[in-house]
Amino acid sequence: MAKARQQQTVSSRSGGTAWHARVAGDEHILEVDHLTISATATGRPVVTDVNLDLKAREILALVGESGSGKTTVGLSILGHIRSGLMHSGGTVTLYASHSEEPAEMMSLDDASRRHLLGTRVSYIPQDPALSLNPGIRVGKQIREVLDIHEYGSSDAERAERVRSVLREVGLPDDDAYQRRWPHQLSGGQQQRIGIAMAFAMYPDVIVLDEPTTGLDVTTQEQVLETIREMTVTNNVAGLYITHDLAVVSEIADRVAVMLRGEIVEIGPTDQVLRQPQHEYTRRLLAAVPDLAGRNQIGKLHKMDAQTTEFLTGEIAVLSEEETTRTAARRAVTSEGVALSVRDLSLAYGTTPVLRGVNLDIQAGECTLLLGQSGSGKTTLARSIAGLLGDYTGSVEYRGEALAKSTRHRTREQRGQIQYIFQSPFSSLNPRRTLGQSLRVPLEMSGELSASDQRARVRDALDAVQLGRQFYDRRPGDLSGGERQRAAIARALVNTPSVLVCDEITSALDVSVQASIISLLHTLQSERGLAMLFVTHNIALARHIASRVAVLNKGVIVDDGPVDDVLDHPTHEYTRELLANIPTL
Amino acid sequence: MPQTDGLSAQELMRSKDAGSERRSTVLTRFWSQRQAKVGVILTAIVVLFAFVGPFLLPWLTGYSATEFAARPFQSDGLFGTDNLGRDVWSRFLAGGLNLIIFSVLATLVGLVLGIAFGMTAAYAGGWLDSLIMRANDVLLAVPQLVVALLAVTVLGPQPWVLVIVIGVTHAPRIARVARSAALNVINEDYIRAAEMYAMPRARILAREIMPNITGPMAVEAGLRLTYSIGAIASLSFLGLGMQPPAADWGLMINENRIALSLEPAGVLLPVLAIALLTIGTNLIADSIAHASANTNAGGQ
């Protein structure tokens, strides 16, 4: 009975005159004070001396790249420390609305913390598709939160709260909608259900862990608006964890920048983004691609000496040979269409993915293929690369139709068209050294001797600025950026003329993305590569490409030089994309 | 705000690796478990007896009447003599080698067949997958010992028959595990990459897929070794494995069980050895499973 009463008070904002005073006085609702979290095994700090405070009706963005400790800080606000880590100093204090006494999240016992979670402090995870139970109807999932925390006094009151919170997040509140399964909702709707669950109990503090990362820009825009609105109208203090600085500028009042477990800069959003004080913040901002192309992220670095040497060395070799092949390549690199896609259609089962795509890739030019998830962009890229064999229509290389599967293409064609995979964590065999993996294209073309192959691979490793000492290392020892460079090197060993890059920077942090883009620039200008750069990020267009093709629902809706498409989009879809893109 | 100098791109990238500096290998994680140490020690003791024992025989093991130590059931020697007057301790020392060698060989036969079929089924997919796996199901429906009995009856109780039969009956079970392990791997992009470079399919299986399923296969190997030991010892016990007068643990149990009250060592010694060996190999298999469970081969 006593327990029930305690829970009753936790679940409502009844007891908190102190909280009301704090909200009215614009004081802190949550304080993180000198928080340090270390790895249990090594004792080395993962998060060092972090100080944060959250106020009601305000969103603080916690920005950092992967491994900076931002999620660890976010979870510590819920009083949760991941296994393998331990709390080794500092406090997290919550001035919750249910009681006059502040709660100390780090030292709270499990039972009382469980009462606070979902009621006073709630969490919105990154992937809505994973965080909703696929076997429970969505209305029931929201209702479950209310049931567990014993919201209100009657069934009718809880049912009404489910309906009202659905309305608040902009979803229909009728029974038919509540009876849907999670898989019957779109990604954006799923995330709204997640938001509704988090806000159902009128929490005081909400932690959002990259809640829009998996959504496309139009949906992201709407979800961000919902989050902003819910936070302000419900007097909630929000912590928004993200790596995306453009999103930060849309949603946050203040920004904290994390580097290697420390907060290096904290301040109002405008100030941090316009006049960054810390060197790291400046670097981070410089690496963010902007639609206008002002940042010039692709031209940050000059080539190092080794690269120049390798490239000039190769050009010398080629000019000595004077084969017909080189002559042909020169003729192509000077002008003309390197690769053209004619009326390409493909369906998975009865679902059409590509519907008559026509696309020309000019020699020596980079074409950006833009499309949101589900637009068929990867399918198109893989069809060109010969990884999908069941399309209709044709892909022509220098006017010659290519066989549909790489196995049936000639060695020459296989070598000339190279495809780079999206995730460097999946595209390299973890059990083989980089040298072994990178030699595969050469072994299969079978032209060079073993020692020539090794030399070519080492040169390619130099060309991607990894260095030849990586030859004997395995992917497990490498960071994401280094792996992607190795994957690019694998595409270069055959000295191709067409490079198909399928979302190759989307799994990487912005600073790493910038260095990869810069590398591609270097390679493209030095080798006269024709590139098809597939991405969902329209902001990259001016940084990498000279042409843009926009793919929507399996059809190219806009195609032309970058400036034409971005400044004067002809299709409604492109206009919508451009309108919704978050900018700094 | 403090100014940080020398914040180069390389340094930033390196900072992302900081967590992986102290990476533990499968081997260190294996050895850090107590059950792994117990398993290795138990197995080592029995294997040592089986391999070194034949060189330290106090008496011959009894292939002919002249080698008998004494009359039946005397207390001569360390553990007395058996029903035919042969020295029990000598026969015990000599009786494990064949069992262990045949078990290992049978397991290897099973692994080779099982992995080959399992990987092929997973990678090929479609009708070939269905064909292999349904054939597998048919084989799984027949009890191992029944197949072994049939084969030994038809082909005679010879060592190679034992090895092949036990190996072949293991194969369907191993194939199931190999298939599911390979299914996780074939969706990785490095398999797509190998296909893109037109790598021959057999080489994709051997070089790209097989090295990445070694974890589950090592577990399976340990488990199947345990079963092989049990199966071969059982067949010998039933008189279908090693034939008298050979010294063999399974056979010894059968020969001496009638005289359990008179001469308990003749039964208990081989029983103890087989028990320790199976427990030991099983513990090792378990520990490998634990150690390799959290090695996400391709993961971040």
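Readers should treat all values here as calculations from the given coordinates under stated rules, not as data from a laboratory. Just so we're clear, the structure is a prediction, and the values are computed from it rather than from any experiment. Reconstructed Cβ throughout: ideal geometry from the backbone, glycine too, with neighbour counts over all protein chains shown.
Take every Cα-Cα pair in segment A:27-113 and report what % of them are more than 22 Å apart. For segment A:27-113, the fraction of Cα-Cα distances above 22 Å is 25 percent. Between the residues A:VAL510, A:ALA450, A:ALA491, the greatest Cα displacement towards the positive end of the dipole of segment A:442-517, with unit charges on the Cβ of Lys, Arg, Asp and Glu, is found for A:ALA450.
Taking only the alpha carbons of chain A, we obtain Rg and Dmax values of 26.9, 92 Å in that order.
A:ARG57 to A:GLU101: FRET efficiency via 1/(1 + (r/R0)^6), r the Cβ-Cβ distance, R0 25 Å, to the nearest 0.05? Taking R0 as 25 Å, the efficiency between A:ARG57 and A:GLU101 is 0.65. Projecting the Cα atoms of A:THR119, B:ALA259, A:ALA463 onto the dipole axis of the protein assembly as shown, where Lys and Arg carry +1 and Asp and Glu carry -1 at the beta carbon, places B:ALA259 farthest toward the positive end. When the alpha-carbon atoms of segment A:452-510 are used, the pair Rg, Dmax equals 11.6, 36 angstrom. The Rg/Rh ratio for segment A:336-580 is 0.96, where Rg is the radius of gyration of the alpha carbons and Rh is the Kirkwood radius.
The slack between A:HIS183 and A:ALA21, meaning 0.36 nm per residue of separation minus the straight C-alpha distance, is 54.0 nm.
With a Förster radius of 35 Å applied to the beta-carbon distance between A:ALA156 and A:TYR348, the computed FRET efficiency rounds to 0.15. Taken as Cα centroids, segment A:41-91 and segment A:536-552 sit 36 Å apart, rounded to the nearest whole angstrom. With contacts taken as Cα pairs under 8 Å and at least 6 residues apart, chain B reaches a relative contact order of 25 percent.
Neighbour counting of Cβ atoms within 10 Å sorts the residues A:LEU520, B:LEU78, fewest neighbours leading, into B:LEU78, A:LEU520. Gain on full extension, evaluated as 0.36 nm per residue between B:ALA44 and B:LEU276 minus their Cα-Cα distance, stands at 82.5 nm. Across all Cα pairs in segment A:409-511, the calculated P(r) in 10 Å bins from zero up to the longest distance comes to 17, 50, 30, 3 percent per bin. Relative contact order of chain A: 15 percent, from C-alpha pairs under 8 Å at least 6 residues apart in sequence.
A simple spin-label model places pseudo-atoms 7 Å from Cα toward Cβ; at B:LEU268 and B:ALA202 they are separated by 5.5 nm.
Here, P(r) means the percent of Cα pairs in each 10 Å bin from 0 to the largest distance; for segment A:155-233 it is 17, 53, 28, 2. In order along segment A:193-204, the Karplus-derived 3J(HN,Hα) couplings, from 6.51 cos²θ - 1.76 cosθ + 1.60 at θ = phi - 60°, round to 4, x, 5, 4, 4, 5, 8, 4, 8, 6, x, 8 Hz, and Gly and Pro are given as x. Find how many whole Å separate the alpha carbon centroid of segment B:250-266 from the alpha carbon centroid of segment B:199-223. After rounding, the separation between the Cα centres reads 44 Å.
For A:ASP53, nonlocal amide neighbours, meaning residues 5 or more places apart or on other chains whose placed amide H falls under 5 Å from its own, are A:VAL32. Taken along its principal axes, the alpha carbon cloud of segment B:146-298 reaches lengths of 70, 36, 20 Å, longest axis first. All Cα-Cα distances of chain B, cut into 10 Å bins from zero to the largest, leave 6, 22, 25, 20, 13, 8, 4, 2, 1, 0 percent in each bin in turn. Computed 3J(HN,Hα) for segment A:424-441, one whole-Hz value per residue from the Karplus formula 6.51 cos²θ - 1.76 cosθ + 1.60 where θ = phi - 60°, is x, 7, 10, 8, 10, 5, x, 8, 10, 6, 4, x, 4, 5, 6, 7, 3, x, glycine and proline marked x. Ordering A:MET105, A:MET86, B:MET210, B:MET252 by the number of other Cβ atoms within 10 Å of each residue's own Cβ, fewest first, gives A:MET86, B:MET210, A:MET105, B:MET252.
May I ask you to sort A:HIS521, A:HIS543 by Cβ crowding, counting other Cβ atoms within 10 Å and putting the fewest first? If I rank by nearby Cβ atoms, fewest first, I get A:HIS521, A:HIS543. Taking 7 Å steps out from each Cα toward its Cβ at B:GLN33 and A:GLU229 produces label points 5.3 nm apart. Expressed to the nearest 5 percent, the antiparallel share of DSSP beta bridges inside chain A is 55 percent. Using the Cβ-Cβ distance between B:HIS290 and A:ASN358 with R0 = 51 Å, the FRET efficiency computed as 1/(1 + (r/R0)^6) comes to roughly 0.40.
Bridges between two residues of segment A:336-580, per DSSP, are antiparallel at a rate of about 55%.
Each of A:ILE59, A:ILE29, A:VAL223 was placed along the dipole of chain A (beta-carbon charges, centred on the mean Cα), and the one lying farthest toward the positive end is A:VAL223.
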